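Data block below; observations after.
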Amino acid sequence: MALSTDTAPENRFSRHRPTGPEDLAGGHWPVVVVGGGQAGLSMSRCLDRRGVDHVVLERAEVAHSWKTYRWDTFCLVTPNWQCQLPDFPYAGEDPHGFMVRDQIVDYLEAYRAFIEPPVVEGVEVTRLARDDRGTYRLTTTAGELTADQVVVATGGYHTPITPPMSEPLPAGITQVQSQDYKSGAQLPPGEVLVVGSGQSGAQIAEDLHLEGRRVHLVVGDAPRVARFYRGRDVTDWLAEMGYYDMPVTEHPRREAVRAQANHYVTGRDGGRDIDLRAHAKEGMRLYGLMTDHRDGQLHFNPDLTERLDHADEVSESIKDTIDKYIAREQLDVPAEERYTPVWRPEAETTELALADTDITSVVWCIGFRQDFRWVDVPVFTGRGAPTHSRGVTSSPGLYFLGLPWQWTWGSGRFSGVGRDAQYLAERIRSQRGLTSTGPRGDVCNVLALGS
C-alpha cells in the first residue's frame, strides 16, 4: 500500500526527548495530551507544526486497539480516500477501496515514522486532577506528572457493554465481546447468537454466516445505508453534498446525534451492502430486541419487522437526499431501481429455548460506554460524558479530542480528527505563557498519554 511520500519534519524533540518511562516522574509540562492513537498522533503533528515541543505517552503500544481489538476480516467501512491524518493523506493506488486491519496498522505505523513523535509506550494515566492553583496533576504508572493544559484524546469507545442477562446464561456457553472476537475458529463448534446489529454486530454476524455457521442475530436499532447508489459510493455523494463538513451545531438532531448508532454497511470484498433480509433468506435467524433470559428461555420483543423496516427507511431516505441533489445540480448519472425487500418475517419469535438449539456461544455487540472515571475534574454530564464545545471544556486548559461527533461526523474517524486537532492546537498555542519556550526559558513539552 503506497502512502504519502512527503519529507518527514525535522525532529524538534532531541534535546528533551525521554527515552523511557523512567524519565517522566516528577516532571512538569505546559501541556499533556492524553491518547496515543490516531487522535494523539494527530495532536502531536499539529503541535509540532506550531513549534510546541512534546512527548507522547501510550499505555500499550501505538495502534494497539487496531492490532488487538479487531477481528481477522475487519476492514474500514469508509473508503481509503477518507484517511486524512494531518499532512498524511492516503496516497495509495486504491482510494475507493477499504483498508483491512493490517493495512490500517501499516498506515498508522507509517504515520508514526513520518511525524517522528516522541513516543514513550507502556505508561498509563490512572488519575487526572486540577489543584487550587490551576495545575493539572496526573498520576501515572511512571509516577506523578504536572501540566498546565491537558488534551484527553482517548476516543469515546472504552468499556464494552455486557447486559445483566448475560450472567444467568448456562456455564457451558462461551461468551465473547465484539472487541475480543477474531473469527469463528475461536468459538466452539455449534450455532452462534450475536446480540446487536450495529456496525460490529452486523459485520461479525455476516463473517460467521459466510463461514457456514448457523447464526442467530438479535437485531438492534442501528440503521443501514447502501454502499453504492447511482454509480458512486454513497460516501462520495455525501462528501460532495457537504455532509461531512456539517458541524454538530447545524445537524438536525444537534448533540443528540452523538448517541446515534452508526449505519451498518461493509467494505468487505470491495464494498457492498449488508442485507440482513438476504442473510435470513439464506438461513440466518433474526429476532427483535432481547429483553430477558429465564430458565433457559430467551425472550424477545415482537418488533423485528419494525426494526428491519426502519433500517430500510433510513437507507432509502439517504437515497432520496442524493436524488434531490442530482436533480438540483442537473447531473448526468445513471438511474437505479430502489431496494425491494427480499424477505419478511412470517411471524415474530418472542421466545427461544436454548435447549432446542445448538447455540454454544454468544458474541455481545451492543456498544461501548465511555469511561473517564480517571478524570477527576467536574466537566461531565450525569451519564459520564464530557461537556464541551468543539472539544473545549469549562475547566481552563482541559480539552477532549477524538469523540464521536465532537464537531463533525468524522471527528472520531480518520477523516475528521485532524481538523479537530488543528483547532485545538491553535487554541493551545494561543493560551497565555505557552510559546516555543516556557515562562522560565525552558523548552515546552507536551505529553500524549496512552489510549
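The values are calculated or read from the model by the stated rules, or taken from the named source; none is laboratory data. None of the values given here were measured: they were computed from a predicted structure. Heads up, the Cβs are rebuilt from the backbone with ideal geometry, glycines too, and the neighbour counts pull from every protein chain shown. These accessible areas exclude ligands, DNA and RNA; they are computed on the full protein's heavy atoms, side chains included. Shrake-Rupley method; radii C 1.70, N 1.55, O 1.52, S 1.80 Å.
The mean sequence separation of alpha-carbon pairs under 8 Å and at least six residues apart, normalised by the residue count of segment 73-204, gives a relative contact order of 12 percent.
Put a dot 7 Å past the Cα of D356, heading toward its Cβ, do the same for A171, and the two dots end up 2.7 nm apart.
Could you list the GluC sites (Glu not before Pro) in segment 21-88 that lie in coil according to DSSP, counting only those with at most 15 other Cβ atoms within 10 Å of their Cβ? Those that pass, being in a loop and sparsely packed, are E61. The calculated FRET efficiency for M246 paired with R383, based on their beta-carbon distance and R0 = 30 Å, is about 0.75.
Each part reduced to its alpha carbon centroid, segment 122-197 and segment 389-416 end up 20 Å apart. Rounded to the nearest 0.05, the FRET efficiency derived from the C-beta distance between I161 and R253 at R0 = 25 Å is 0.70. Remark on V152: its backbone amide H falls under 5 Å from those of V34, Y399, F400, L401, a criterion applied only to residues 5 or more positions apart or on other chains, H modelled at 1.01 Å from N. Here the spin labels are modelled as points 7 Å beyond Cα on the Cα-Cβ line, and at E144 and E426 they lie 3.7 nm apart. Under the simplified labelling scheme, the R214-D23 pair shows an inter-label distance of 5.9 nm, with each label point 7 Å from Cα along Cα→Cβ. Excluding same-chain neighbours fewer than eight residues apart, the lysines reachable from K319 by a Cα-Cα span under 29 Å are K281. For segment 329-409, the gyration tensor built on C-alpha atoms gives an oblate shape. Its axis ratio a/c (a ≥ b ≥ c) is at least 1.5, and a/b is not larger than b/c. Restricting everything to alpha-carbon atoms, can you work out Rg to Rh for the chain with a Kirkwood hydrodynamic radius? When Rh is taken as the Kirkwood radius, the ratio is 1.00.
Note on the chain: antiparallel DSSP beta bridges, both residues inside, total approximately 45 percent of the bridges counted.
Using R0 = 41 Å, the C-beta based FRET efficiency linking K281 and E109 works out to 0.50. For segment 24-123, the set of trypsin sites (Lys or Arg not before Pro) satisfying both a DSSP loop assignment and a count of at most 11 other C-beta atoms within 10 Å is empty.
The apolar share of the surface of the chain, taken as the fraction of accessible area on carbon and sulfur atoms (1.4 Å probe, ligands and nucleic acids excluded), comes to 46 percent.
Counting only lysines at least 8 places from K67 when in the same chain, those with an alpha carbon closer than 30 Å to its own are K182. Against the chain, whose longest principal axis is taken from its Cα atoms, helix 304-329 shows a tilt of about 60°. Each helix, a run of at least 4 DSSP H residues, gives -39500 (n - 2.57); summed and divided by the residues of the chain, these come to -6500 deg cm²/dmol at 222 nm.
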